[in-house]
Amino acid sequence: MKHKTTLIKNAKIVNEGSIFEGDILIEGEYIKKISDSISAKSADVLVIDAEGKYLLPGVIDDQVHFREPGLTHKANIETESRAAIAGGITSFIEMPNTNPQTTTVEKLEEKFEIASKTSSANYSFMFGGTNDNLDEILKLDSNQVAGLKLFLGSSTGNMLVDDPAVLENIFKSTNMLISVHCEDEGTIKKNLQKHVDKFGDDIPIKYHPIIRSEEACYLSSSKAIELAKKTGARLHIFHLSTGKETKLFSNKIPLKDKKITAEVCIHHLWFTDEDYDKKGTLIKWNPAVKTEKDRDQLWEALLDGRIDVIATDHAPHTLEEKKNVYTSAPSGGPLVQHALPAMLEMHHKGKITLEKVVEKMCHNPAILFQIERRGYVREGYFADLVLADLNSPWTVNKDNILYKCGWSPFEGTTFKSRITHTFLNGSLVYNNSKFNNIKSAKRLTFNR
């Protein structure tokens, strides 16, 4: 049942660069009060003793592929948003390469309609740019949609924008945030052909980061940044995968004033090319997981402020699809359920502070997309909150994976930390592995 008032007591609250012990009073959808000690004023209040667990703002994932409409044998908004809630992700921004693609205002609204009925988490969508839909882009209300997504390298549901004149026109014509997938198509095609000539279709997976190379990523990212500087566009580069690209970004100004920003994904912070032998095509992503040196440099840029956001690029495919030979195995994998536990594991290993995890996964996506009243533990903000037990080990296996595709690249991994409670817009929607099936998800709104 929905409680009008909830009191969370004895939590270690992680917010805005500090950790402090306190209580949080939730009234309706909002955080009413944050204090050292709050007493329940009536018997109607639901009191939850956090018992020293860590309380974080709900994670905002700025890049997911939930495959609906048209690719729902892989996933759908209902299944993947539930997995997200179990992983402490309370808001998501979903990508346009569905079937049909989200490249008209009509198709965008159809997605919002689906999410309004089935999503367990707060939602918004990216609008897809193509070589010929500038008229549709210009119809968008920037307060109603997360932003614009351009594929400058082909990916699932080929939406490649490869006409330089069109690209410049889009950059010049919109004040919306433009998010880009940067890999140079010409470089990749040349590399792929060389390997097909040598191996046929069954190319050993270890060559994936050589085919989708550092050069392909850097060439595309640097061109996009050059165009953004020339046109004044607001550019966000998704899923950096190389150390070389990190040098293109600045940490000299506050995020709210940056015109060019960057994201890194969980898999590029966790895996390296040494993992291909064991994981095979299960860790085939675009852009590719690359070297240990690349991973180290991504971490360095994340921690010093050149990279602004950690996201998942959650992109499920069936196991059957992933087990195809190299040229037929699709790129992408499911991550929303395990992203926050993975980053908490990195905290245990001394790689990142809890405050920095919250900054990169909660605060910064809210700043970057100008999301209204989310991403922080603040009075007057929506009560999207997560309780995490940092000393409750569990192992990822088939029985506890919630993705529709039924597998995870983290299978067999033991995480020390567990998400115990997730609150969405003031309602306790997830409690110790059980869903309360309360419909409280909302369409994200933007303060632009």
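The values are calculated or read from the model by the stated rules, or taken from the named source; none is laboratory data. Bear in mind the structure is a predicted one, so any value in this text is a computation, not a measurement. Please note: Cβ atoms are built from the backbone with ideal geometry, for glycine as well, and neighbour counts cover all protein chains shown. To get the accessible areas, we keep the full protein, side chains included, count just its heavy atoms, and leave off ligands, DNA and RNA. Shrake-Rupley method; radii C 1.70, N 1.55, O 1.52, S 1.80 Å.
Among LEU192, LEU148, LEU177, which is the only one that is closer than 23 Å to ASP313 by Cβ, of a type outside the set (Ser, Thr, Tyr) and touching a His at 6+ places or on another chain (Cβ under 7 Å)?
None of the other options fit; the residue is LEU177.
In region 382-399, is there at least one residue being free of Cβ contacts under 8 Å to residues at least 60 places away in the same chain, basic (Lys, Arg), closer than 20 Å to ALA83 by Cβ and open to solvent by 60 Å² or more (accessible area, probe 1.4 Å)?
Yes, some residue in region 382-399 is free of Cβ contacts under 8 Å to residues at least 60 places away in the same chain, basic (Lys, Arg), closer than 20 Å to ALA83 by Cβ and open to solvent by 60 Å² or more (accessible area, probe 1.4 Å).
Does GLY350 satisfy being open to solvent by 10 Å² or more (accessible area, probe 1.4 Å), without any contact (Cβ under 8 Å) to a residue 24 or more places away in the chain, small (Gly, Ala, Ser) and over 22 Å from ILE8 (Cα atoms)?
Criteria met by GLY350.
Among what's in region 1-37 and is within 14 Å of VAL47 (Cα to Cα), among the hydroxyl-bearing types (Ser, Thr, Tyr) and touching a residue at least 40 places away in the same chain (Cβ under 8 Å), pick the residue that is least open to solvent (accessible area, probe 1.4 Å).
THR6
Give the number of residues within region 294-304 that are in contact with a Gly (Cβ under 6 Å, 6 or more places away or on another chain) and buried (at least 24 other Cβ atoms within 10 Å of the Cβ).
Going through region 294-304 one residue at a time, the tally reaches 1.
Is it the case that some residue within region 97-107 is buried (at least 17 other Cβ atoms within 10 Å of the Cβ), in contact with a Ser or Thr (Cβ under 8 Å, 6 or more places away or on another chain) and not in a loop (DSSP other than H, G, I, E, B)?
No - not one qualifying residue is present in region 97-107.
Select from region 54-69 the residues that are surrounded by fewer than 24 Cβ atoms within 10 Å (Cβ to Cβ) and not in a strand (DSSP E or B) and write down the one among them that is nearest to the chain's Cα centre (by Cα).
Restricting to residues being surrounded by fewer than 24 Cβ atoms within 10 Å (Cβ to Cβ) and not in a strand (DSSP E or B), the top hit is GLU68.
Within region 13-34, can you find the residues that are among the acidic types (Asp, Glu) and either within 14 Å of ASP384 (Cα to Cα) or within 24 Å of the chain's Cα centre (by Cα) (or both)?
GLU16, GLU27, GLU29
Of all residues being under 28 Å from THR261 (Cα atoms) and hydroxyl-bearing (Ser, Thr, Tyr) in region 305-337, which is surrounded by the fewest Cβ atoms within 10 Å (Cβ to Cβ)? Just the residue, please.
So, considering only residues that are under 28 Å from THR261 (Cα atoms) and hydroxyl-bearing (Ser, Thr, Tyr), the one surrounded by the fewest Cβ atoms within 10 Å (Cβ to Cβ) is SER331.
Has region 177-200 got at least one residue that is closer than 21 Å to GLN370 by Cα, open to solvent by 10 Å² or more (accessible area, probe 1.4 Å) and not in a helix (DSSP H, G or I)?
Yes, region 177-200 contains at least one residue that is closer than 21 Å to GLN370 by Cα, open to solvent by 10 Å² or more (accessible area, probe 1.4 Å) and not in a helix (DSSP H, G or I).
Within region 269-282, identify whether any single residue is out of contact with any Gly (no Cβ under 7 Å at 6 or more places or on another chain), open to solvent by less than 10 Å² (accessible area, probe 1.4 Å), part of a helix (DSSP H, G or I) and not basic (Lys, Arg), and answer yes or no.
Yes: region 269-282 contains one or more residues that are out of contact with any Gly (no Cβ under 7 Å at 6 or more places or on another chain), open to solvent by less than 10 Å² (accessible area, probe 1.4 Å), part of a helix (DSSP H, G or I) and not basic (Lys, Arg).
Condition first: assigned to a helix (DSSP H, G or I), open to solvent by 10 Å² or more (accessible area, probe 1.4 Å) and either at pLDDT 90 or above or out of contact with any Gly (no Cβ under 7 Å at 6 or more places or on another chain) (or both). Can you find one or more residues in region 117-132 that meet it?
Yes: region 117-132 contains one or more residues that are assigned to a helix (DSSP H, G or I), open to solvent by 10 Å² or more (accessible area, probe 1.4 Å) and either at pLDDT 90 or above or out of contact with any Gly (no Cβ under 7 Å at 6 or more places or on another chain) (or both).
Return the residues of region 402-448 that are in contact with a Ser or Thr (Cβ under 6 Å, 6 or more places away or on another chain) and open to solvent by 60 Å² or more (accessible area, probe 1.4 Å); say none if nothing qualifies.
LYS404, THR414, ARG418, ASN432, ARG448
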